[in-house]
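The structure appears below as structure tokens.
Please treat every number below as a calculation from the coordinates, not as lab data. Everything quoted here is computed from the prediction, not taken from an experiment. As a convention, Cβ positions derive from the backbone with ideal geometry for all residues, glycine included, and neighbour counts pool all protein chains shown.
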Amino acid sequence: MTTDTFLADCRARLAFDLLSHTWNAVVVRALRDGPRRPVELREDIGGISSKVLTETLRRLQFNGLVERHALPGAPPRVEYQLTRLGQTLLAPIEAVGAWAFEHGDEVMAAQEAACAAGPAPSDGGRGLS
């Protein structure tokens, strides 16, 4: 086993992959207070389609972070809640959120400066180095 934390089979890379998807952290955080139905999640999150929410919940369930529970009655209803493993992801998500709150203005200023300078010749304006 190697200590290089960025190899494809490394656990740190797994965590970065989980956090890098646009909606994963948002949905995990939205479930922090307990079970929620998809319609409640969509209302709280805003800007997420039913399709994308369903895909995200399935991905989180596949990774053991969320549980799906069918509710009795008609029409059929479901709710989702964090697993114990999912709850352990809340602290890192909160830490990233705190970093963004503290440094978000600096990041936006850098982006604005880059846009004002125009596209760099080597990246075609994609912001890549």
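Take the Cα atoms of the chain, find their three principal axes, and give me the spread along each one in whole Å, biggest first.
60, 41, 27
Given a Förster distance of 41 Å, report the FRET efficiency between ALA100 and ARG68 from their Cβ-Cβ distance, rounded to the nearest 0.05.
Once rounded, the FRET efficiency stands at 0.90.
Mind checking the angle between helix 90-117 and the chain's longest principal axis? C-alpha axes, 0 to 90 degrees, to the nearest 10.
With both axes taken from Cα atoms, the answer is about 40 degrees.
Between ARG37 and ALA91, take the C-beta separation as r, use R0 = 35 Å, and let me know the FRET efficiency to the nearest 0.05.
Computed FRET efficiency for ARG37 and ALA91 comes out at 0.85.
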